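The block underneath contains the structure these notes are about, expressed in structure tokens.
The values are calculated or read from the model by the stated rules, or taken from the named source; none is laboratory data. All figures in this text were calculated on a predicted structure; none of them were measured in a lab. Positions of Cβ are generated from backbone atoms using ideal geometry, with glycine treated the same way; all protein chains shown enter the neighbour counts.
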Amino acid sequence: MNMKKPLMISVSGIRGIVGHGLTPELVANYAAGVGTFFGPGPVLVGRDTRVTGEMVWHAVCSGLMSVGCDPIDLGIVPTPTTQLAVEKSNAVAGIVITASHNPVEWNALKLIGPDGLFLDEAQGLEVKQIVESKSFRYVGWDKMGRFSVKTDAIREHIESVLAIPYLDVDAIRKRKFKVAFDTVNGTGGLILPELLKRLGCELYPLYTEPNGKFSRNPEPLPEHLTELSKWVVENRADIGFALDPDGDRCAIVAENGMPIGEEYTVALAVQFVLSKKKGPVVVNISTTRAVDDIASQFGVSVIRTKVGEIHVAKKMKECQAVIGGEGNGGVILPDVHLGRDAPVAVALTLQALAESGKTISHLWQSLPQYYIIKKKVSIDSGDPQRILQKLEMLYASEKINTMDGVKIEKSDSWIQIRKSNTEPILRIMAEAPTPEQALAICNKIILEIQKI
Ligand code: MG
């Protein structure tokens, strides 16, 4: 993470390093901005396990109350738990205090509208403008917001997951799956054990204390899951699940200890849900091509969006998609709600496993096989936009998609180059039928970028 930019203010909210930019004043202003934009009424506030969460939480509640909103504290809960609670209540908004998979020194606010979806760019821009112009609608003593607490949001989330129409709880219970899981001392430890017990699983937990002391790099990428891989093998578990700290992303480790890659969490969910219910699938532009191959087997279309949960969720609502998400392990199932949800991913995976009668590695092998390589190229003072334009010119004769950065598509592979919103780097992703091919495509483009 780039230490030169300890604070980022954008249409998706604020994110920063606490003590180096993310101050209580700024947090309170943002909360007051959200309250001013949506007007007085209940606002649900959830937070992840970061040790800075409590300080930020006080500032959020103050800001909300100052503009006549009534903060309802959900406590430490996964991000999807807050989204679901907002959607199912009469709240005018929601605020989640989490920097998701960022390292422990970071924190951030994720802003939720009354429909349980994150704010889109237009809404985020309006909140940002209210904050920048300080046009808060502060209220006097007689209109001050009231504070209250709601303690059952996680229980309600679990009930919603268990109520997925094609989840056969008895069938899963009969299998008595041995499930290992690593929730990185984030919020997953507060929901997964209970959910898995309800599904009759034998539990092998790792780092489930919700104390915010992240036990590994919090992003559930294969290279960060070595401990879980060993844990799965040692305990002869049927499957391992790794979550990020705020519980919206989930990666799978197979029974042989191999991480199957977070792209395949979504691919498995798509395969399973389409076998029950046909309809459009929506994923972001960087998600594995395995999803397209699976969808075409079922004769349904795949719609792709820019990277970012809100882009996927909005499109899913618009086209009434049956399943979707992001290749980083974020599954969105509209039967529960329009947000990336790791507990949903866990339940769908166990149901697919129970029905298939296969091991998870066999189930994975039965899916179309691709390998994705993700790399970063430092651009320091270089202009990312100029580099992207040059690449576009260089590959003008190829099939190019510029929805998000530059994506060059070939018949069996693709490469995408995107500007990072958080670091002075370009993110490069290449997918091909073999790791060698993916690496070759990646290295070729890196050489070209270095020449620009
Ligand atoms: Mg997250």
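Hey, can you tell me all the residues within segment 1-53 that are part of a loop (DSSP other than H, G, I, E, B) and surrounded by 19 or more Cβ atoms within 10 Å (Cβ to Cβ)?
The answer is Ser12, Asp48, Thr49, Arg50, Thr52.
Can you report the number of residues in segment 241-276 which are in a helix (DSSP H, G or I) and over 18 Å from the mean Cα position of the chain (by Cα)?
6
Kindly indicate whether any position in segment 249-268 is in contact (Cβ under 8 Å) with a residue 60 or more places away in the chain, crowded, with 23+ Cβ neighbours inside 10 Å and among the acidic types (Asp, Glu).
So far as segment 249-268 goes, yes, one or more of its residues are in contact (Cβ under 8 Å) with a residue 60 or more places away in the chain, crowded, with 23+ Cβ neighbours inside 10 Å and among the acidic types (Asp, Glu).
Regarding Ser397, is this residue over 18 Å from Ser286 (Cβ atoms) and among the small types (Gly, Ala, Ser)?
Yes, satisfied.
Looking only at helices (runs of 4 or more DSSP H) that fall completely inside segment 149-237, which ones have 2 or more residues that are buried (at least 22 other Cβ atoms within 10 Å of the Cβ)?
153-162, 192-198, 226-234
Answer yes or no: is there a residue in segment 276-284 that is closer than 13 Å to Leu363 by Cβ, away from the ligand (no atom under 16 Å from the Cβ) and either out of contact with any Leu (no Cβ under 8 Å at 6 or more places or on another chain) or without any contact (Cβ under 8 Å) to a residue 60 or more places away in the chain (or both).
No - not one qualifying residue is present in segment 276-284.
Note down all Cβ pairs under 6 Å where the first residue falls in segment 5-16 and is under 18 Å from Ile425 (Cα atoms), the second is of a type in the set (Lys, Arg) and surrounded by 17 or more Cβ atoms within 10 Å (Cβ to Cβ), and they're at least six residues apart or on different chains.
Note: pairs meeting the criteria are Met8/Arg15.
Of all residues in segment 73-103, count the ones that are outside any helix (DSSP H, G or I), more than 14 Å from the ligand (Cβ to nearest atom) and either modelled with pLDDT under 95 or of a type in the set (D, E, K, R) (or both). Lay out the reasoning, then the answer.
Within segment 73-103, the first condition is being outside any helix (DSSP H, G or I), and the residues that meet it are 73-78, 89-103.
Narrowing the set further to residues that are more than 14 Å from the ligand (Cβ to nearest atom) leaves 73-76, 89-95.
The next check asks that each one be either modelled with pLDDT under 95 or of a type in the set (D, E, K, R) (or both); those that pass are 73.
Here the count works out to 1.
So, Gln416, is that one surrounded by 14 or more Cβ atoms within 10 Å (Cβ to Cβ), farther than 20 Å from Gly382 by Cα and in contact (Cβ under 8 Å) with a residue 12 or more places away in the chain or not?
Against the criterion (surrounded by 14 or more Cβ atoms within 10 Å (Cβ to Cβ), farther than 20 Å from Gly382 by Cα and in contact (Cβ under 8 Å) with a residue 12 or more places away in the chain), Gln416 does not qualify.
Is it fair to say Glu392 is outside any strand (DSSP E or B), charged (D, E, K, R), in contact (Cβ under 8 Å) with a residue 60 or more places away in the chain and over 22 Å from Pro220 (Cβ atoms)?
In short, no.
Could you tell me whether Ile387 is away from the ligand (no atom under 16 Å from the Cβ), in a strand (DSSP E or B), hydrophobic (A, V, I, L, M, F, W, C) and crowded, with 19+ Cβ neighbours inside 10 Å?
no
Only residues that are of a type in the set (Phe, Trp, Tyr) and either at pLDDT below 95 or within 14 Å of the ligand (Cβ to nearest atom) (or both): list them for segment 197-240, please.
Result: Phe214, single match.
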